[in-house]
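A.B. asks: Before I ask anything, here is the structure I am working with.
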Amino acid sequence: MVSPVVVTVALIAWAFSVHLPLVYTVLGLGWLLPTLELLGYRSGRRTYIDIAHGLSNYLIAVYAIGGVFGTIVTVFLAGLLPVFTNIAGVLLWPIWGIAIVFGVAIALPLIGLYYRSFNRLSPIKHITVGYAMAITLTVIPAMFRLVFAFINYPAGVLITPSSASNTGFTLSVNLTETLSNPTYPPLLLATLFGAIAMTGILLSSIHGWRYASSRDEYHELGHRVGNIVGLTFGILYSIFVIWYLYTVYQYSPTVAWSILGHPPSYLPSTFYDLYKPTFNLSWMFYMNIVLGAIILALLVVSIKVTSKPIEALKLILTPMLMDSAEVMNGLAHVPYAIVPPVTAAEALIKAYGLSFALNVAKWLTISQLLTPQINALLSLVSVQPGLLLGSLVFFAFFNALLLYVIYAVLSWRRSSA
Amino acid sequence: MGYSPLLPITWNVILDEARWLSAIGILAHLSLASSFLGTILIAVVAEFLYLTRHDKDWYDKARMFSVVSTIFFGVGAAFGTLVEFGLVTIWSNFITIIGSAIVLPFYLELFAFLTEVILLPLYVFTWGKVRNGWVHWVIGLAAAFGGYWSAYNILAVMASLSMRPPGMIVQNLAASNQTIAGLTSYLVTWAKPTDAWNMFWWGANVFIFHGILAAAILTWSVVSAIYLYGYMHEHRPDQAKVLKVLIPGVAIMTAIEGFVLGHDQGELVLQFDPLKLAAIEGMFWKGLKVDPLLSFLAYGTFNHTFWGYYSWPANVRPPLAPFDFLPIFYLGFMVTLGVLLGVWSGGLSLWYLFNGFFSRFHWAKVIASFLERTGPYTMPLFAALASIGGAVTSESGRVPFILVESSPSLNGGPPMVTGVPIYEGGLINPNLSLPGWLIALIIVVEVAMPALAVYMVYLYTRPRREKPTQVVEY
């Protein structure tokens, strides 16, 4: 029987690795489309607007499929880590609330309005709708990245011993302090710039591929703009990733240890057992650096030369780098769901003793938060393993079907153009 | 309006605010989900009629309704996420209950959702591109199946909230001064792991199909009303064709809803939740008393006694303030207006399907004229209010509990009603605060999203003269 922790981590990692490239694309398109329109009206060059209009056809579909995988992530979290998700809901409810009200409930109708009102609203009004859409779309990562920062370093959390609680303690949070999480600003900015860079590179790849055959102005412009956006925002992304790694090194020892392959220098050796990661992901870290360097080189070459192999490589390697970086960041927390800060560990030992501090740390691990004794899905799968096996086959089938549908929709629309 | 006399008054206010937000949100989501379920069904039926009759009108209708259903699906899916996060933020402790007990329908719903979200765009994008029309129809049928399967799972969860499934164990840990992570005193588990499948027990299936049929009736009634309005003004043949399919569809579904599923649903409430029965039937007395009409409907006699609403202590009774709304929503909206919808749709069905026979009679013409003139307004109104009545009856009737169960009293009193309470220690987020501006903002969003979906559908379906534009496809 496969370990429940492995099943949980694998299912959540899979859902995230499909969800994230899609929502990165939505975020990138959200900012690129009104900007392309603006450039078109400013320069008087209609092709910019045509590119924006063509791309807007796909925004809702990508958003909807990305949103479904977001729901899948939520169901996995609630079903497999119920106590963790419950605590996250209770402590961070304003963050979820803002993300959903602005980022989903308002953003989606705005996407629909932006798409449906092309050529029906005045240029300035339509561009305004576009930027309103981009801002509301940005609220989602602005809030969700705060949760990611929280699991790196739970700033603002207060732990109180409680004999009534089955965990032995209760948690409360100071949200103002949560916002001051040092890993949050670089993570958010890296996400935003990374999303725009990835979308720009995907745009340049598709247009470059077509331009290599057709040599028309429309694809030449899309290829050129995409490359410039990809290169500029890719460099910004790299800068903020370095900043993020620095803060993670300072504040999240398990994550830093997993990514770099060795414990941070400030970590006392007595804490090594406590903070040792399950996975050594340094190979993934170096692979990502190499991937980033290759993409950079491809972008530089692509600005000078347009060839199908280069564009195809850009198209494949860029989402691969994004997924690899995100999966690495997520897996680096294991065995923890929330990495306990070193300062908190020291303070808890001082205030309540070593065994209490170890109990808190134990309850922050994924294996403990799975609460196997009261986890209905794990219990069911343990007696009916076919359910899990069938699910994996089903998920694999839908992954393949999703890729086929994306391909089919792109090729059918092209053939009908 | 108090849920528990032990709770501070501020908590009762927060509970009311949270319930209003959830109620409006769920009703808005239901309207979008119902619209999707109804319109995708119309698309599939219309395409089937096109394939069998080779009538271009049906092709146009099928294509149009497939796009309309996609608009409702997109906005509805986003709204579903809003509702889902409403659970996480407002009723946070429900998450632990999902994980410890009711996860299975949510898990299976993922597959349904994947089916919808992948096949629906495929269906919409491949009109005229798949050589074999039946293959395209099967794609649409599978997309529609995904939608109905999704509804099936979510309604299974809602059924469990009103009727605790067999094998589910609810423990109140407060007796032993225990909590789960300091968040809730209630632990919900199954007697054995495979009991998780009891989320789909036969009682849940009655609830589920009652809900699914209500969704289809609502949408088909609204679409019928729009076509009826158009037909009364324009008398186009394509409008008549649609009316001859949709209105009999409404009549048949309403008959099944009332005579079969509604009856079974009533039997379940009678059997499993006598307090909800007392509240919705307006039995506002204390102790046992004969209710001749209900006695006849339930038992075929006129002298059966029922426990009145005030037989139970105040802290387990569903709230009635600010007015006795439960009997109004149940008897007034759901039952009476449901019957009237059946009368309107049934009358019009007879007129359209057997016009040759009935048009010989003057009285039939008078009645049909009245039904046709009033139908565009009454049919959607009756269907909407009946649906709202049913939803409110079901969800408010079980308050202040979820996972409700009744068991015989040991001292000869009314049956004991138990469940997980929605108030502090039960479901609600103990950290929650809801300032007025936040409530206003959420309600605006909850109302604006369905309105925008309708506006987008209007933009798509309205006749238009477009300026030529250059759009280059990828």
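A.B. asks: Can you tell me which of A:339, A:334 is touching a residue at least 40 places away in the same chain (Cβ under 8 Å), touching a His at 6+ places or on another chain (Cβ under 7 Å) and surrounded by 17 or more Cβ atoms within 10 Å (Cβ to Cβ)? Lay out the reasoning, then the answer.
C.D. replies: Working: A:334 fails: touching a His at 6+ places or on another chain (Cβ under 7 Å).
One residue alone meets the criteria, A:339.
A.B. asks: Here is a follow-up. Condition first: at the interface with another protein chain (Cβ under 8 Å from one of its Cβ atoms), part of a helix (DSSP H, G or I) and buried (at least 22 other Cβ atoms within 10 Å of the Cβ). Can you find one or more residues in the range B:59-71 that meet it?
C.D. replies: We begin by selecting, within the range B:59-71, every residue at the interface with another protein chain (Cβ under 8 Å from one of its Cβ atoms); these are B:71.
In the following step, the residues that additionally are part of a helix (DSSP H, G or I) were identified as B:71.
Keeping just the survivors that are buried (at least 22 other Cβ atoms within 10 Å of the Cβ) gives B:71.
The answer is yes, given that some residue of the range B:59-71 is at the interface with another protein chain (Cβ under 8 Å from one of its Cβ atoms), part of a helix (DSSP H, G or I) and buried (at least 22 other Cβ atoms within 10 Å of the Cβ).
A.B. asks: Restrict the check to the range B:390-397 and report whether at least one residue is surrounded by fewer than 20 Cβ atoms within 10 Å (Cβ to Cβ), away from chain A (no Cβ under 11 Å), more than 27 Å from residue B:181 (Cα to Cα) and without any contact (Cβ under 8 Å) to a residue 12 or more places away in the chain.
C.D. replies: no
A.B. asks: If residue B:284 satisfies every condition in (1) hydrophobic (A, V, I, L, M, F, W, C); (2) away from every other protein chain (no Cβ under 14 Å); (3) assigned to a helix (DSSP H, G or I) but one, which is the exception?
C.D. replies: (3)
A.B. asks: Considering A:119, A:181, which residue is at positive phi, in a loop (DSSP other than H, G, I, E, B) and not hydrophobic (A, V, I, L, M, F, W, C)? Break it down into steps so the answer makes sense when it comes.
C.D. replies: On the way: A:181 fails: at positive phi.
The conditions single out A:119.
A.B. asks: For the range B:238-295, which residues satisfy the criterion of being in contact with a Phe, Trp or Tyr (Cβ under 9 Å, 6 or more places away or on another chain) and of a type in the set (S, T, N, Q)?
C.D. replies: B:239, B:265, B:295
A.B. asks: Among the residues of the range B:292-308, write down those that are under 18 Å from residue B:268 (Cα atoms) and surrounded by 11 or more Cβ atoms within 10 Å (Cβ to Cβ). Lay out the reasoning, then the answer.
C.D. replies: Of the range B:292-308, the ones under 18 Å from residue B:268 (Cα atoms) are B:293-300, B:304-308.
Scanning the range B:292-308 gives B:294, B:295, B:296, B:297, B:298, B:299, B:304, B:305, B:306, B:307, B:308.
A.B. asks: Check residue A:200 against each of (1) modelled with pLDDT of 90 or more; (2) part of a loop (DSSP other than H, G, I, E, B) and name the one condition it does not meet.
C.D. replies: The failed condition is (2).
A.B. asks: How many residues does the range B:161-182 hold that are farther than 30 Å from residue A:171 by Cα and within 14 Å of chain A (Cβ to nearest Cβ)? Before the answer, list the steps.
C.D. replies: The initial filter retains those residues of the range B:161-182 that are farther than 30 Å from residue A:171 by Cα, namely B:162-167.
The next check asks that each one be within 14 Å of chain A (Cβ to nearest Cβ); those that pass are B:165, B:167.
So the answer is 2.
A.B. asks: For the range A:208-237, give me each residue that is of a type in the set (Val, Ile, Thr) and either crowded, with 21+ Cβ neighbours inside 10 Å or under 15 Å from residue A:311 (Cα atoms) (or both).
C.D. replies: First pass over the range A:208-237, keeping only residues of a type in the set (Val, Ile, Thr): A:225, A:228-229, A:232, A:235.
Those that are of a type in the set (Val, Ile, Thr) and either crowded, with 21+ Cβ neighbours inside 10 Å or under 15 Å from residue A:311 (Cα atoms) (or both): A:225, A:228, A:229.
A.B. asks: For the condition of a type outside the set (Phe, Trp, Tyr), free of Cβ contacts under 8 Å to residues at least 40 places away in the same chain and more than 23 Å from residue B:422 (Cβ to Cβ), what is the one hit in B:331, B:294, B:337, B:277? Spell out how you get there, then give the answer.
C.D. replies: Details: B:331 fails: free of Cβ contacts under 8 Å to residues at least 40 places away in the same chain; B:337 fails: free of Cβ contacts under 8 Å to residues at least 40 places away in the same chain; B:277 fails: more than 23 Å from residue B:422 (Cβ to Cβ).
One residue alone meets the criteria, B:294.
A.B. asks: Check the range B:62-71 and report whether any residue there is aromatic (Phe, Trp, Tyr), at pLDDT 90 or above and at negative phi. Even if it seems obvious, please write down each step before you answer.
C.D. replies: If we filter the range B:62-71 for residues that are aromatic (Phe, Trp, Tyr), which is where we start, we get B:65.
Remaining after also requiring at pLDDT 90 or above: B:65.
After this cut, where a residue has to be at negative phi as well, the list is B:65.
Among the residues of the range B:62-71, at least one is aromatic (Phe, Trp, Tyr), at pLDDT 90 or above and at negative phi, which makes the answer yes.
A.B. asks: For the subset of the range A:361-377 comprising residues that are at pLDDT 85 or above and at the interface with chain B (Cβ under 9 Å from one of its Cβ atoms), which member is surrounded by the most Cβ atoms within 10 Å (Cβ to Cβ)?
C.D. replies: A:377
A.B. asks: Which one of A:393, A:334 is in contact with a helix residue (DSSP H, G or I) (Cβ under 7 Å, 6 or more places away or on another chain) and at pLDDT 85 or above?
C.D. replies: Details: A:393 fails: in contact with a helix residue (DSSP H, G or I) (Cβ under 7 Å, 6 or more places away or on another chain).
Every option except A:334 fails the conditions.
A.B. asks: Please go through the range B:9-43 and pick out each residue that is of a type in the set (S, T, N, Q) and crowded, with 22+ Cβ neighbours inside 10 Å.
C.D. replies: Of all residues in the range B:9-43, those of a type in the set (S, T, N, Q) come to B:10, B:12, B:22, B:31, B:34-35, B:39.
Listed by number, the residues that qualify are B:31, B:34, B:35, B:39.
A.B. asks: Surrounded by fewer than 17 Cβ atoms within 10 Å (Cβ to Cβ), touching a helix residue (DSSP H, G or I) at 6+ places or on another chain (Cβ under 8 Å), within 27 Å of residue A:27 (Cα to Cα) and free of Cβ contacts under 8 Å to residues at least 60 places away in the same chain - does that describe any residue in the range A:292-301? Let's see the steps before the verdict.
C.D. replies: First, pick out the residues of the range A:292-301 that are surrounded by fewer than 17 Cβ atoms within 10 Å (Cβ to Cβ): A:293-294, A:296-297, A:300-301.
If we keep only those that are touching a helix residue (DSSP H, G or I) at 6+ places or on another chain (Cβ under 8 Å) as well, we get A:294, A:296, A:300-301.
Narrowing further to those that are within 27 Å of residue A:27 (Cα to Cα): A:294, A:296, A:300-301.
Those left that are additionally free of Cβ contacts under 8 Å to residues at least 60 places away in the same chain: A:294, A:301.
Within the range A:292-301 (the criterion being surrounded by fewer than 17 Cβ atoms within 10 Å (Cβ to Cβ), touching a helix residue (DSSP H, G or I) at 6+ places or on another chain (Cβ under 8 Å), within 27 Å of residue A:27 (Cα to Cα) and free of Cβ contacts under 8 Å to residues at least 60 places away in the same chain), the answer is yes, since at least one residue qualifies.
A.B. asks: Could you list all residues from the range A:47-69 that are under 18 Å from the mean Cα position of the chain (by Cα) and either surrounded by fewer than 23 Cβ atoms within 10 Å (Cβ to Cβ) or at the interface with chain B (Cβ under 7 Å from one of its Cβ atoms) (or both)?
C.D. replies: First pass over the range A:47-69, keeping only residues under 18 Å from the mean Cα position of the chain (by Cα): A:59, A:62-69.
Correct list: A:59, A:62, A:64, A:65, A:66, A:67, A:68.
A.B. asks: If I filter the range A:108-118 for residues that are modelled with pLDDT under 85 and closer than 30 Å to residue A:391 by Cβ, do I get at least one hit?
C.D. replies: Within the range A:108-118 (the criterion being modelled with pLDDT under 85 and closer than 30 Å to residue A:391 by Cβ), the answer is yes, since at least one residue qualifies.
A.B. asks: I want to confirm something. Restricting to the range A:108-129 and keeping residues that are surrounded by 24 or more Cβ atoms within 10 Å (Cβ to Cβ) and more than 8 Å from chain B (Cβ to nearest Cβ), which single residue is farthest from the chain's Cα centre (by Cα)?
C.D. replies: Among those that are surrounded by 24 or more Cβ atoms within 10 Å (Cβ to Cβ) and more than 8 Å from chain B (Cβ to nearest Cβ), it is A:114.
A.B. asks: How many residues are small (Gly, Ala, Ser) and surrounded by 19 or more Cβ atoms within 10 Å (Cβ to Cβ) when one looks only at the range B:323-373? Reasoning before the result, please.
C.D. replies: Of all residues in the range B:323-373, those small (Gly, Ala, Ser) come to B:332, B:338, B:342, B:345-347, B:349, B:356, B:359, B:364, B:368-369.
Checking the rest, the ones that are also surrounded by 19 or more Cβ atoms within 10 Å (Cβ to Cβ) come to B:338, B:342, B:345, B:347, B:349, B:368.
Looking only at that region, the number is 6.
A.B. asks: In the range A:346-360, which residues are in contact (Cβ under 8 Å) with a residue 12 or more places away in the chain and either within 14 Å of chain B (Cβ to nearest Cβ) or surrounded by fewer than 20 Cβ atoms within 10 Å (Cβ to Cβ) (or both)? Explain how you work it out, then say what you get.
C.D. replies: As a first pass, look at the range A:346-360 and keep what is in contact (Cβ under 8 Å) with a residue 12 or more places away in the chain: A:348, A:352, A:356-360.
Matches in the range A:346-360: A:352, A:356, A:358, A:359, A:360.
A.B. asks: Is there a residue in the range A:188-207 that is surrounded by 21 or more Cβ atoms within 10 Å (Cβ to Cβ), within 13 Å of chain B (Cβ to nearest Cβ) and aromatic (Phe, Trp, Tyr)?
C.D. replies: no
A.B. asks: While we're here: Is at least one residue of the range B:414-424 surrounded by fewer than 22 Cβ atoms within 10 Å (Cβ to Cβ), more than 12 Å from every other protein chain (Cβ to nearest Cβ) and among the polar types (S, T, N, Q)?
C.D. replies: Yes, the range B:414-424 contains a residue that is surrounded by fewer than 22 Cβ atoms within 10 Å (Cβ to Cβ), more than 12 Å from every other protein chain (Cβ to nearest Cβ) and among the polar types (S, T, N, Q).
A.B. asks: Something else about it: Being buried (at least 17 other Cβ atoms within 10 Å of the Cβ), at pLDDT 95 or above, under 30 Å from residue B:172 (Cβ atoms) and away from chain A (no Cβ under 14 Å) is true for just one of B:225, B:204, B:215, B:251. Which residue is that?
C.D. replies: Numbers: B:225 fails: under 30 Å from residue B:172 (Cβ atoms); B:215 fails: under 30 Å from residue B:172 (Cβ atoms); B:251 fails: under 30 Å from residue B:172 (Cβ atoms).
None of the other options fit; the residue is B:204.
A.B. asks: Which condition does residue A:156 not pass, out of (1) at pLDDT 90 or above; (2) surrounded by fewer than 22 Cβ atoms within 10 Å (Cβ to Cβ), if it passes all the others?
C.D. replies: (1)
So that you can scan it fast, the table gives a plain yes or no per residue for (1) outside any helix (DSSP H, G or I); (2) modelled with pLDDT under 95:
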{"site": "B:323", "(1), (2)": "yes, yes"}
{"site": "B:326", "(1), (2)": "no, yes"}
{"site": "B:342", "(1), (2)": "no, no"}
{"site": "B:356", "(1), (2)": "no, yes"}
{"site": "B:368", "(1), (2)": "no, no"}
{"site": "B:383", "(1), (2)": "no, no"}
{"site": "B:398", "(1), (2)": "yes, yes"}
{"site": "B:406", "(1), (2)": "yes, yes"}
{"site": "B:409", "(1), (2)": "yes, yes"}
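Residue by residue, here is whether (1) within 25 Å of the chain's Cα centre (by Cα); (2) within 7 Å of chain A (Cβ to nearest Cβ); (3) on the phi > 0 side of the Ramachandran plot; (4) in contact (Cβ under 8 Å) with a residue 60 or more places away in the chain holds:
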| residue | (1), (2), (3), (4) |
| --- | --- |
| B:84 | yes, yes, no, no |
| B:88 | yes, yes, no, no |
| B:96 | yes, yes, no, yes |
| B:107 | yes, yes, no, no |
| B:111 | yes, yes, no, no |
| B:129 | no, yes, no, no |
| B:136 | no, no, no, yes |
| B:146 | yes, no, no, no |
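The values are calculated or read from the model by the stated rules, or taken from the named source; none is laboratory data. Just so it is clear, the model here is predicted, and its values are computed rather than measured. A quick note on method: Cβ atoms are made from the backbone with ideal geometry, for glycine too, and the neighbour counts reach across all protein chains shown.
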